[in-house]
Amino acid sequence: MHAPESRSSGSAGARASYDVLVIGGGIIGLVTAWRAAQRGMRVAVADPEPGGGAAQVAAGMLAAVTELHYGEEALLGLNLASAARYPAFAAELAEASGQDVGYRACGALAVALDADDRAHLRELHALQLRHGLDAQWLTGRECRRLEPMLAPGVRGGLRVNGDHQVDPRRLTAALVTACERAGVTLVRRAAARLSAARARASGVVLDDGTEVAAGQVVLAAGSGSGRLAGVPEEVLPPVRPVKGQVLRLRVPAAYAPFLSRTVRAVVRGGHIYLVPRENGELVVGATSEEMGWDTTVTAGGVYELLRDAHELLPGITELPLVETGAGLRPGSPDNAPLMGPTALPGLHLATGHYRNGVLLAPVTGDAMAEVLATGELPGEARAFSPRRFGRPVSPVPQEQPV
Ligand code: GLY
């Protein structure tokens, strides 16, 4: 392992060297850095705003069961493994940071508003049962007994007691603190390009020209991971940005509890979910738009979310709307993450988590720390190696930035 030459916090001119350099300080980059530091590695994270990005927008559903999709059965195993680790992960992170991360074991209810929605939910239920998952069919009346604010027209639903939530803003704040306490250096600059020497990744050049050297580099820059300069074309992860617009409302004390668990539905083909926090915040999401790196909040996006939320919960129009935002999910070709070594020695990926970045934080941190320490991904993560996309590798130039 490389001994650090300095513990730069990002000032130009200092050349620092680490065992591991993580590019990207979102949830995935931070959890990777924290877990690697816990295993004795000297770690830095390069990000102009650690803890920013998609985590500031995400609702934080831990929806392994309610977000099950046909064709994503391999991902289901990883999602369930991560969901199972959440209580211990949240407790350990709270202890390490001194901050509560807003983990709430509230369960979820997916409801149907019309016959088409009900047919869709019935199919989802059948798929869940085939996988031995805990999901219970309820009549509309039973749904409303659980959540009295639901519209009278709700035709039925699925109660999933194991899908919980965490507050991604608190989670990232806690991860930043835990990283700092574990000795991770936060380099508050953007990575401009990957550098390589002797045909392996050797660090990055920052946007101020500073070089940071590392024995291993982890590219964990979310939807931006596919466009870092210097990464050979065939190694660049095939991730793309998928925009999600999200609203935050506040439930005044007089209306509490507006909802007691996450409620979701498919309305006119669009997914809507409402995630109630204990502090009175109600997060409403999310659009899914392939718009490149655009994070504009649009009137149309806000309108659609409010229209669909209103059909589900008519009382929502009484609540103060306190915030709107848009984030970018890192979509991958099979909707599953890319974790572990690439064809370029020394360069790992931890990206492409798409809809499940918050959910997959515990299992990703564990998997990345293991592969960084031992060179081997643990069993549950092996199916998610970047090499599954099998692109041909061209030779890496020697002693040159690649
Ligand atoms: N998992 C929720 C979303 O991606 O909107």
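The values are calculated or read from the model by the stated rules, or taken from the named source; none is laboratory data. Given the structure is predicted, the values throughout are model-derived calculations rather than measurements. All Cβ positions, even for glycine, are placed from backbone atoms using ideal geometry, and neighbour counts span all protein chains on display. Areas reflect the complete protein model, heavy atoms only, side chains present, ligands, DNA and RNA absent. Shrake-Rupley method; radii C 1.70, N 1.55, O 1.52, S 1.80 Å.
Observations on the model:
- Summed over the stretch 33-50, the residues that are open to solvent by 10 Å² or more (accessible area, probe 1.4 Å) and in contact with a helix residue (DSSP H, G or I) (Cβ under 6 Å, 6 or more places away or on another chain) give a count of 3.
- Set Leu127, Leu194, Leu171, Leu109: member being open to solvent by less than 20 Å² (accessible area, probe 1.4 Å) and free of Cβ contacts under 8 Å to residues at least 60 places away in the same chain: Leu127
- Among the candidates Val322, Val284, Val263, residue that is more than 13 Å from the ligand (Cβ to nearest atom), closer than 21 Å to Gln165 by Cβ and either over 24 Å from the mean Cα position of the chain (by Cα) or buried (at least 19 other Cβ atoms within 10 Å of the Cβ) (or both): Val263
- Per this entry, Tyr273 is counted among residues that are within 21 Å of the chain's Cα centre (by Cα), open to solvent by 20 Å² or more (accessible area, probe 1.4 Å) and either closer than 30 Å to Ala197 by Cβ or among the aromatic types (Phe, Trp, Tyr) (or both).
- Selection within the stretch 351-371: residues that are open to solvent by less than 10 Å² (accessible area, probe 1.4 Å) and among the hydrophobic types (A, V, I, L, M, F, W, C). The member of this set that is nearest to the ligand (Cβ to nearest atom) is Leu359.
- Some residue of the stretch 304-314 being modelled with pLDDT of 95 or more, closer than 20 Å to Arg169 by Cβ and either surrounded by fewer than 21 Cβ atoms within 10 Å (Cβ to Cβ) or away from the ligand (no atom under 16 Å from the Cβ) (or both): no
- Residues (more than 16 Å from the ligand (Cβ to nearest atom) and either out of contact with any Phe, Trp or Tyr (no Cβ under 9 Å at 6 or more places or on another chain) or open to solvent by less than 20 Å² (accessible area, probe 1.4 Å) (or both)) located in the stretch 228-249: Leu228, Ala229, Gly230, Val231, Pro232, Glu233, Glu234, Val235, Leu236, Pro237, Leu249
- Filtered residue count, the stretch 138-150, keeping only those that are surrounded by fewer than 16 Cβ atoms within 10 Å (Cβ to Cβ) and either touching a helix residue (DSSP H, G or I) at 6+ places or on another chain (Cβ under 6 Å) or of a type outside the set (D, E, K, R) (or both): 2
- Single residue of Leu228, Leu259, Leu247 found to be at pLDDT 95 or above, hydrophobic (A, V, I, L, M, F, W, C) and in contact with a Ser or Thr (Cβ under 9 Å, 6 or more places away or on another chain): Leu247
- Helices (runs of 4 or more DSSP H) enclosed by the stretch 115-231 - at least 1 residues per element that are more than 25 Å from Gly357 (Cβ to Cβ): 115-130, 140-146
- Residue in the stretch 310-326 that is farther than 24 Å from Gly71 by Cα, out of contact with any Cys (no Cβ under 6 Å at 6 or more places or on another chain), assigned to a loop (DSSP other than H, G, I, E, B) and not hydrophobic (A, V, I, L, M, F, W, C) present: yes
- Selection status of Leu76, within 16 Å of the ligand (Cβ to nearest atom) and open to solvent by 60 Å² or more (accessible area, probe 1.4 Å): no
- Just one of (1) in contact with a Pro (Cβ under 6 Å, 6 or more places away or on another chain); (2) polar (S, T, N, Q); (3) farther than 17 Å from Val166 by Cβ fails for Ser82. It is (3).
- Condition met for Thr342 (more than 16 Å from the ligand (Cβ to nearest atom) and open to solvent by less than 30 Å² (accessible area, probe 1.4 Å)): yes
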